[in-house]
Amino acid sequence: MKKNSKKEEEDRKTDASSNNPTTTNTTSTTTLDSRFNQTLRNVQGLLKGRSVPGKVSITRRSDPSDGSSLRSPDIHRSFSDSDAGSSERMENSIEDGVQSRSKPNTNSAVNKQNVSVSNTENTSKEVQKHTMGARATDSARIMKFTKELSGSTVFLEKLRELAWSGIPPYLRPTTWRLLLGYAPPNSDRREGVLRRKRLEYLDCVSRYYDIQDMERTDEEINMLRQISVDCPRTVPDVSFFQQTQVQKSLERILYTWAIRHPASGYVQGINDLVTPFVVVFLSEHLEGSVDEWSIMALSMEKICDIEADCYWCLSNLLDGMQDHYTFAQPGIQRLVFKLKELVRRIDEPVSRHMEEQGLEFLQFAFRWFNCLLIREIPFHLVTRLWDTYLAEGDKLPDFLVYIFASFLLTWSDELQKLDFQEMVMFLQHLPTQNWTHQELEMVLSRAFMWHTMFNSSPSHLSST
């Protein structure tokens, strides 16, 4: 009897719940955007690396075709300072969030509410754990890095997984050399290879840089002159880069690289790409804030080693995106077009507003791809961003599209309120000066989620 009465009571509660108008209203007002944001928070809390394969089904949207074509921006192939312009839980959370966006009416009201309440509770716990427990996980992450780097042979795929979510600063120099293929995974060979490559760089400097102008062609003289003009403009808000010896090192690295890569030569913007390497490899020898560093505290031998490391890492990075810097920079134009398509699929109102105002993506995104966002975010965040860049390896160019879409749509609401001129000014001077690692991690988490959603379904990104 007791069992039956208990069962009847539960049935009455269930009926009351299903007939409760408040519950029904709450469920019906659950918007697609809230589910999308909820999925994003789940990813933010659960993200551990890039090893988790995405399994997401998305309903194809019937967007109109976009017949706009790309042209090179009316600029020289350069930019200066004054330019105007693996976890199952994670898979399930993404699948549930995305499928609920495309099929909002397939479940009953009660089931929807249960799922919503359950997911909200889980999300809040995961986000709280992620934000409050970040420091607590540092020691565990360091142990994983140390274990991976101390082996006789480093497994690069495992290292990439760890590096994607950030590298401990004191392990960053070694990790970057390995990720870029400059240092070999075999620890027995590493010291010998680095010594040989550093000597090779010095030989190139003496052969191409340490010569008289009369031994250079007119084109080489003009290129060296342009580099010498650009070096003082590099990261002007960081006083360290205003030191004469630092600028001389940049000049040697850039000129030597340009001579050895005649297909592109020197393109303004490449000077920015050297700076993360300079800071990371100097951090092995200098302590404290970058603004307090003095390169004169180092011996010439150490400076030459740092230059060599920067040169070879820059070379290996750009080898994967050579057509970004050849004539007309077709690689960048191609990625800008992909960015436009991706934004149209993710946030149609913003895309439509920009199109109605006549704003072309090339007018602002060209610099993003050319300088890899170095000019758009505070410099102290650049090395963390580059941890993810380098962890992507050969897939970096395509993943940049997702990072930049996430970056742009950070200001989705603001952009829809601006006219053409206001948008141009806003996008050239984005309000990132007070950004911390939290904002950057959100950009990367969104990029990861969208990549998981769209990359395995390329037809969603093609015009129809």
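The values are calculated or read from the model by the stated rules, or taken from the named source; none is laboratory data. Computed from a predicted model, the values in this text were never measured in an experiment. Note that we place each Cβ from the backbone using ideal geometry, even for glycine, and neighbour counts take in every protein chain shown. For the accessible areas, the whole protein counts, side chains as well, though only heavy atoms, and no ligand, DNA or RNA atoms are used. Shrake-Rupley method; radii C 1.70, N 1.55, O 1.52, S 1.80 Å.
Only one of Ala297, Ala365 is crowded, with 21+ Cβ neighbours inside 10 Å, small (Gly, Ala, Ser) and on the phi < 0 side of the Ramachandran plot. Can you tell me which? Lay out the reasoning, then the answer.
Details: Ala297 fails: crowded, with 21+ Cβ neighbours inside 10 Å.
One residue alone meets the criteria, Ala365.
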Among (1) farther than 20 Å from Val382 by Cα; (2) within 21 Å of the chain's Cα centre (by Cα) - the single one Glu360 does not satisfy: (2)
Per-region count, the range 394-403, residues surrounded by 16 or more Cβ atoms within 10 Å (Cβ to Cβ) and more than 15 Å from Glu439 (Cβ to Cβ): 6
All positions within the range 405-450 that are open to solvent by less than 10 Å² (accessible area, probe 1.4 Å), in a helix (DSSP H, G or I) and polar (S, T, N, Q): Ser406, Ser445
Of all residues in the range 304-352 being closer than 29 Å to Leu250 by Cβ and not in a helix (DSSP H, G or I), the one that is most open to solvent (accessible area, probe 1.4 Å): Phe327
Near pairs, Cβ below 6 angstrom, 6+ apart or cross-chain, from the range 442-462 (under 17 Å from Glu161 (Cβ atoms)) to any residue that is at pLDDT 95 or above: Leu444/Thr388; Ala447/Tyr402; Ala447/Ile403; Ala447/Ser406; His451/Tyr402
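One line per residue, one yes/no per condition, for (1) closer than 30 Å to Gln329 by Cβ; (2) at pLDDT 95 or above:
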site	(1), (2)
Phe240	yes, yes
Lys248	yes, yes
Tyr255	yes, yes
Ser264	yes, no
Asn271	yes, yes
Pro276	yes, yes
Phe281	yes, yes
His285	no, yes
Glu292	no, no
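Scan the range 230-246 residue by residue and report those that are among the polar types (S, T, N, Q) and crowded, with 20+ Cβ neighbours inside 10 Å. I'd like the intermediate steps shown before the answer.
Initial filter on the range 230-246 (among the polar types (S, T, N, Q)): 234, 239, 242-245.
Across the range 230-246, the qualifying residue is only Thr234.
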Condition broken by Glu219, with the remaining ones in (1) under 19 Å from Ser264 (Cβ atoms); (2) surrounded by 12 or more Cβ atoms within 10 Å (Cβ to Cβ) satisfied: (2)
Subset of the range 251-285 [surrounded by fewer than 22 Cβ atoms within 10 Å (Cβ to Cβ) and on the phi > 0 side of the Ramachandran plot]: Gly265
Condition broken by Tyr402, with the remaining ones in (1) in contact with a Phe, Trp or Tyr (Cβ under 8 Å, 6 or more places away or on another chain); (2) closer than 25 Å to Asp319 by Cα; (3) outside any helix (DSSP H, G or I) satisfied: (3)
Residues of the range 151-201 classified as part of a helix (DSSP H, G or I), hydrophobic (A, V, I, L, M, F, W, C) and surrounded by fewer than 17 Cβ atoms within 10 Å (Cβ to Cβ), total: 3
Subset of the range 268-303 [among the acidic types (Asp, Glu) and either within 24 Å of Arg225 (Cβ to Cβ) or in contact with a strand residue (DSSP E or B) (Cβ under 9 Å, 6 or more places away or on another chain) (or both)]: Asp272
